[in-house]
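First up is the structure itself, then whatever we jot down about it.
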Amino acid sequence: VREAIQNIFLEMGFSEMPTNMYVESSFWNFDALFQPQQHPARDSHDTFFLKAPATTTQLPDDYLEKVKQVHQSGGHGSKGYGYDWKRDEAEKNLLRTHTTAVSTRMLYKLAQEKTFAPKRYYSIDRVFRNEAVDRTHLAEFHQIEGLICDYGLTLGDLIGVLEDFFSRLGMSKLRFKPAYNPYTEPSMEIFSYHDGLKKWVEIGNSGMFRPEMLLPMGLPEGVNVIAWGLSLERPTMILYGIDNIRDLFGPKVDFNLIKSSPICRLGL
Ligand code: FB9
């Protein structure tokens, strides 16, 4: 399934982001995404913080100052959050909670280039969340993320690329429900009608990255970024009729199931 989804991204002109760093700083995983330091997702109930090395020293000072400003007092038409932003909070190391942390680094790198060039990036790799383990949730899963960065992109462009992407996964009937993410506005949950299950299934989340995230990076005015995400485990469980995620991934994998299951052709 991973390979099939990778091929879909490549066919759609996306290039892969380097996702080999599981350990990330709170700065790139949260602050640079305009996620406030007192946001519930940032406490140890949801996030695995590192004991050693507990903090990082590798943060770009000038950019960090701009992120501090936009959190404290806004700018670019935003009033910000108006709280006292702490550098030592941003320096805390953690296991990344989403591959959106990688997207942040790539967009910042893109903004440092002399002339702006539109880009399509994707990532498929492990993310870690200190969540209760149950039939469909482990403390880690594989996140799939796609983003397009270009002048004048709209919500219509996002809906268009989502219909293209999911139709290649065999999911054509889509519905979009307004949602909230700290780093995207507007945001939408994505649903697809699954003929086999005879019900609407939540197949992902999406949105337009906020100017409070993009402009401090130095991306030109008028450049928008549309993005979406889903997991690798959920589609695989549904495609193979696997009821418990622990049979698919993690220490209790059922190898006979893995070995005996035929390769499934996506595009149901
Ligand atoms: O994968 C998910 N559902 C899914 C996807 C495909 C599918 O295919 C079937 C063959 C037919 C079936 C189901 N979800 C996302 C939806 C739910 O399962 C959800 O309950 C669980 N979500 C995970 C996070 O849980 C805490 C899945 C995971 C997820 C959610 C959001 C994102 C990524 C992964 C994101 C994002 C994002 C948003 C804006 C900008 C950038 C990234």
*Using modelled backbone amide H atoms (1.01 Å from N, in-plane), which distant-in-sequence or interchain residues come within less than 5 Å of Leu153's amide H?*
Asn224
*Please work out the Cα convex hull volume for the chain and give it in Å³ per residue.*
133
*For the pairs Lys68/Lys109; Lys86/Lys114; Lys177/Lys199; Lys68/Lys92; Lys66/Lys114; Lys177/Lys198, note any where the Cα-Cα span goes beyond 23 Å.*
Lys86/Lys114
*Can you list residues whose amide H is under 5 Å from Gly80's amide H, if they're 5+ apart or on another chain and H is modeled 1.01 Å from N?*
Gly74, Gly75
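Given contacts defined as C-alpha pairs under 8 Å and at least six residues apart, what's the relative contact order of the stretch 1-260, whole-number percent? Numbers along the way, then the final one.
Values: 453 pairs, mean separation 52.8, N = 260.
The value is 20 percent.
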*For Lys259, which aspartates and glutamates qualify as cross-link partners when the Cα separation must be under 18 Å and same-chain residues fewer than eight apart are set aside?*
Glu3, Glu233, Asp243, Asp247
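Given a 1.4 Å probe, how much area per residue of the chain is accessible, in Å²?
Counting only protein heavy atoms, the per-residue value for the chain is 49 Å².
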*asked:* Tell me the carbon and sulfur percent of the accessible area for the chain, rounded to whole percent, probe radius 1.4 Å.
replied: 54
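The values are calculated or read from the model by the stated rules, or taken from the named source; none is laboratory data. Everything numeric here is computed off the predicted structure, so don't read it as measured data. These area figures cover heavy atoms from the full protein model, side chains too; ligands, DNA and RNA do not enter into them. Shrake-Rupley method; radii C 1.70, N 1.55, O 1.52, S 1.80 Å.
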